[in-house]
Each structure stands twice: as structure tokens, then as C-alpha cells.
Amino acid sequence: MNKNELHTDKITKGNRTYFFDIKKSEKGDLYLTISESKKSDNGSEHHRVMIFEEDLKDFVDTFRNSLVKFKELQQPQTESKKYSVETIREVHQQAYQPWTKEDDEKLELLFCEGKKIKELAHIFARKEGAITSRIKKLELKEKYGR
């Protein structure tokens, strides 16, 4: 490992090896390289992607979303159910979980404070539709005139 390489993880599967290297540029900026080395009849092939520190969060978020979609596409689709609770929970951890009394009280307080549906969905790790349904069930709009 040379002085600009800070950390390396390696995966070998068949004739492919993947490297995940955290490095430091000459200016001191961190970046990640993902490399593939593949043995072929002509020797080996190498491919590399560099992800800079300022792009890392967006890269990880997009990669995570792609993995969710990948799992979704792997599952056989039926006409009656084109989703799975597990897949939805990868994005909304509390999806299809029962609401607790504490959740209802917190929802009422935050709704009363003027929080928007999108904010509440993020806070409760649930889909926006679940928040809207719960507000309706608790009759919070009628109670607070919103």
C-alpha cells in the first residue's frame, strides 16, 4: 500500500477480483476507487471508477436505490402483488408496522406544529400515504382545522 492508499477491501469471485480503495489525493482530498480485475485469455482486463468525496453520498444513495430495484426485478411478479413488504422496508423502515400510542401522540404534536406530510413521512420512516391515512384516522385535520 503506498502513502496515498488509506484502506483496501477485496472480493474475489471466480475470475474477477473487485477492489474498494480509499485514497488521498495530493491535495489531501479523499476519494474511493472501485476496480475490477478480470482474467481473460489475453491476460487480464482492468476497469476503474473513481468517486470523489463530494459525490459519495449521492453515489451511495443511488446505488442503494438500484439494489432495491434489482431485488424487486428478481422477484417473480404476480398481478395481485407487485411489491414486497421487505422491499418497501428497505426505504421506509416502519412500513406496515402497527402505530403505537407514542407514535400517535408524536404525530399529533408534529402535525399541530405544522409539519408537512413529506417531513412526517421522513420522521416516522413511513410512506406519505401511511401518514395521510393515520392523520385521517386520528381526525387531526378536523381537530386542528387544517
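A few comments on the model shown:
- Part-to-part distance (alpha-carbon centres) for the stretch 1-66 and the stretch 109-146, which is given in Å: 42 Å
- Ordering of 97-105, 84-92, 30-38 by packing [mean C-beta count within 10 Å, highest first]: 30-38, 84-92, 97-105
- Placing unit charges on each Cβ (+1 for Lys and Arg, -1 for Asp and Glu) gives the chain a dipole about its Cα centre, and among ASN4, MET50, GLN93 the Cα reaching farthest toward its positive end belongs to GLN93.
- Spin-label zone in the stretch 17-39 - amide nitrogen under 19 Å from a point set 7 Å from the Cα of ILE51 along the C-beta vector: 17-25, 29-37
- Summed side-chain charge close to SER35 - residues other than SER35 whose Cβ falls under 9 Å, Lys, Arg +1, Asp, Glu -1: -1
- Kirkwood Rh in Å, taken over the chain so that all alpha-carbon pairs contribute: 19.6 Å
- For the chain, the longest principal axis of the Cα atoms and the long axis of helix 101-112 meet at an angle of about 80 degrees.
- Computed from Cα positions, the angle between helix 128-137 and the longest principal axis of the chain comes to roughly 20 degrees.
- Helix axis angle, 56-74 relative to the chain longest principal axis, alpha carbon, degrees: 80 degrees
- Carbon plus sulfur fraction of accessible area for the chain, probe 1.4 Å, in percent: 52 percent
- If the Kirkwood radius is taken over C-alpha pairs of the stretch 17-91, then at 20 °C and 1.002 mPa s the Stokes-Einstein diffusion coefficient equals 139 µm²/s.
- Scoring 49-60, 125-136 by mean Cβ neighbours within 10 Å over their residues and listing the highest first yields 125-136, 49-60.
- Note that the chain presents 78 Å² accessible area per residue, ligands and nucleic acids not counted, probe 1.4 Å.
The values are calculated or read from the model by the stated rules, or taken from the named source; none is laboratory data. What you see is a predicted model; the values in this text were computed from it and never measured. So basically every Cβ, Gly included, is an ideal-geometry build from the backbone, and we count neighbours across all protein chains shown. In case anyone asks, the SASA skips ligands and DNA or RNA and just uses the protein heavy atoms, side chains included. Shrake-Rupley method; radii C 1.70, N 1.55, O 1.52, S 1.80 Å.
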